[in-house]
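Here's the structure we're looking at; comments come further down.
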Ligand code: ADP
Ligand code: ADP
């Protein structure tokens, strides 16, 4: 099966005559090992789609599958476990714990879950994001680019089935942003990671294998092997 998929996903906000259709029946598959970018104008439903796929929000109707598991059939406890064990998150604001150093931030999800750290995998992830000499640093001792690399390592370390990245380069200068994007692409190529990334930046979307374009809560276009010129 795909790493994740949605069938006829709809999300309606509000009641009565103030309804907003954020998603109007979206069906989509995210293949394992694929890097998908989601683009579209502000208000087109990008965040809503990502939040429903990532079990952070529940749709009004339709189904979301993580692998073969259909989310609406799950209790809160099981949803929490899916988010923890099978999904990874990267946000625009790096969301690191300020009192913990880089290493402790990276291993936090495993520590919370009471899972052992696979030393070899940890070293691979840290090497891939280029943080080997920064592990003892606290977030305020790291640049923005380095903080986002810590967040990427934290997302990868539990070997999630899929990583959801919400404007991961939104707070970075273009050079640091390019490093993060190259790293995300490498984690797809070399580690087989599956990634879904929301972005409004055509240059960022060009790092993906595939771009979905949303408009008014619908998928209005799809492109494979994008380049920045094609996305624009
Ligand atoms: P995007 O991420 O593409 O900017 P969103 O998914 O955030 O779009 O929003 C899609 C539509 O749903 C917009 O019209 C937005 O105003 C509306 N919307 C999003 N969240 C809420 C909410 N919590 N309550 C009411 N309307 C919302
Ligand atoms: P990057 O391109 O990775 O974002 P910068 O060129 O901004 O890195 O930063 C260069 C060095 O300065 C980094 O290695 C980092 O250790 C240090 N540095 C950058 N920003 C800060 C900060 N806000 N506080 C402490 N150290 C910082």
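General remarks:
- Proxy reagent accessibility, fewest Cβ within 10 Å first, across 158, 61: 61, 158
- Exposure proxy ranking, count of Cβ atoms within 10 Å, fewest first, for 227, 176: 227, 176
- Extension gain for residue 232 to residue 78 (0.36 nm times residue separation, less C-alpha to C-alpha distance): 51.4 nm.
- Mean-position separation - Cα centroids, region 1-49 and region 138-206, in angstrom: 21 Å
- Expressed as a fraction of 2.2 N^0.38 Å, the value expected for a compact globular protein of N residues, the C-alpha radius of gyration of the chain is 1.00.
- Nearest-0.05 FRET efficiency for residue 224 and residue 136, computed from C-beta distance (R0 30 Å): 0.10
- Calculated Rg and Dmax of region 21-131 using C-alpha coordinates, Å: 16.4, 46
- Secondary-structure-derived ellipticity at 222 nm for the chain, considering helices only, amounts to -10000 deg cm²/dmol, per-run term -39500 (n - 2.57) for DSSP H runs with n ≥ 4.
- Residue of 129, 188, 69 that the Gaussian network model of the chain assigns the largest fluctuation, springs spanning Cα pairs under 10 Å: 69
- Between 14, 88, 144, the GNM of the chain built on Cα springs shorter than 10 angstrom shows 14 fluctuating the most.
- The ranking of 17, 221 from fewest to most other beta carbons within 10 Å of each one's beta carbon is 17, 221.
Where a number appears in this text, it was derived from the coordinates with a stated rule and is not lab data. What you see is a predicted model; the values in this text were computed from it and never measured. Backbone-built Cβ (ideal geometry, glycine too); neighbour counts: all protein chains shown.
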